[in-house]
1. How many residues are farther than 20 Å from Ala93 by Cβ and modelled with pLDDT of 95 or more when one looks only at the stretch 12-26?
2. For the stretch 24-74, enumerate the residues that are small (Gly, Ala, Ser) and loosely packed, with under 12 Cβ neighbours inside 10 Å.
3. Within the stretch 108-116, is there a residue that is crowded, with 18+ Cβ neighbours inside 10 Å, part of a loop (DSSP other than H, G, I, E, B), at pLDDT 95 or above and among the aliphatic types (A, V, I, L, M)?
4. Given the structure, is Ala95 within 17 Å of Ile19 (Cα to Cα) and touching a Cys at 6+ places or on another chain (Cβ under 7 Å)?
5. Quickly run through the stretch 18-69 and pick out the residues that are within 18 Å of Arg86 (Cα to Cα) and outside any loop (DSSP other than H, G, I, E, B).
6. Cβ contacts < 8 Å: first residue closer than 15 Å to Ala108 by Cβ and of a type in the set (Lys, Arg), restricted to the stretch 60-86; second residue outside any strand (DSSP E or B) and modelled with pLDDT of 90 or more, any location; separation 6+ or different chain. Result?
7. From the list Ala78, Ala85, Ala95, pick out the single residue that is of a type in the set (A, V, I, L, M) and within 23 Å of Ala15 (Cα to Cα).
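The values are calculated or read from the model by the stated rules, or taken from the named source; none is laboratory data. Everything numeric in this text was worked out from a predicted model, so none of it was measured. Here Cβ is always computed from backbone atoms with ideal geometry, including for glycine, and neighbour counts include all displayed protein chains.
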Amino acid sequence: MTLDQQILDFQAFAAKLVIDTKTNLRLEPFQVGLVRDWLDPDSREVWSVLPEGSGKSTLLGCFATWLLFRPGVKVIVASVSMGTARVLYSQAANAVAATPGLDRHINAIEGRLEMKGPGRSKLEVRPSDTAPSQGAVP
């Protein structure tokens, strides 16, 4: 699958997800650019410096959830703090719970900030520290 096809596939997946605003996720152009960078096989590292409330946690949580449909994938998301780790995990887990039928394929393990998908895929959200300091869903 080409890079453009993967982006279109993610956009179609995102358009079906019910996020915290009780709407489906519609990607803004800057978010499509981030997804392109994340999927680009030549990208070794992607830095996203965006203001609070710009949808970073929602986008990354939904993107990681989409990746769970790739058999055997292990997705590890590193977060600056336990607070932001919980927010990102909650965005993903809540989208799974709110989207009809998605919870039949993905199992969210709340206390461990993990999700398991089909084909032995797994998402882990890990903080760099254990003290909550940042991360709030506006």
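1. Residues of the stretch 12-26 that are farther than 20 Å from Ala93 by Cβ, as a first pass: 12, 26.
Narrowing the set further to residues that are modelled with pLDDT of 95 or more leaves 12.
Qualifying residue count for the region: 1.
2. Within the stretch 24-74, the subset small (Gly, Ala, Ser) is 33, 43, 48, 53-55, 57, 61, 64, 72.
Within the stretch 24-74, Ser43, Gly53, Gly72 qualify.
3. Initially, the stretch 108-116 is screened for residues crowded, with 18+ Cβ neighbours inside 10 Å, giving 108, 113, 115.
Applying the additional criterion that residues be part of a loop (DSSP other than H, G, I, E, B) yields 113.
In the following step, the residues that additionally are at pLDDT 95 or above were identified as none.
The answer is no; no qualifying residue exists.
4. Here the answer is yes, as Ala95 does meet what is asked.
5. Lys56, Ser57, Thr58, Leu59, Leu60, Gly61, Cys62, Phe63, Ala64, Thr65, listed by residue number.
6. Pairs that qualify, where the first residue is closer than 15 Å to Ala108 by Cβ and of a type in the set (Lys, Arg) and the partner is outside any strand (DSSP E or B) and modelled with pLDDT of 90 or more, are Arg86/Leu113.
7. On the way: Ala78 fails: within 23 Å of Ala15 (Cα to Cα); Ala85 fails: within 23 Å of Ala15 (Cα to Cα).
Matching residue, one of Ala78, Ala85, Ala95: Ala95.
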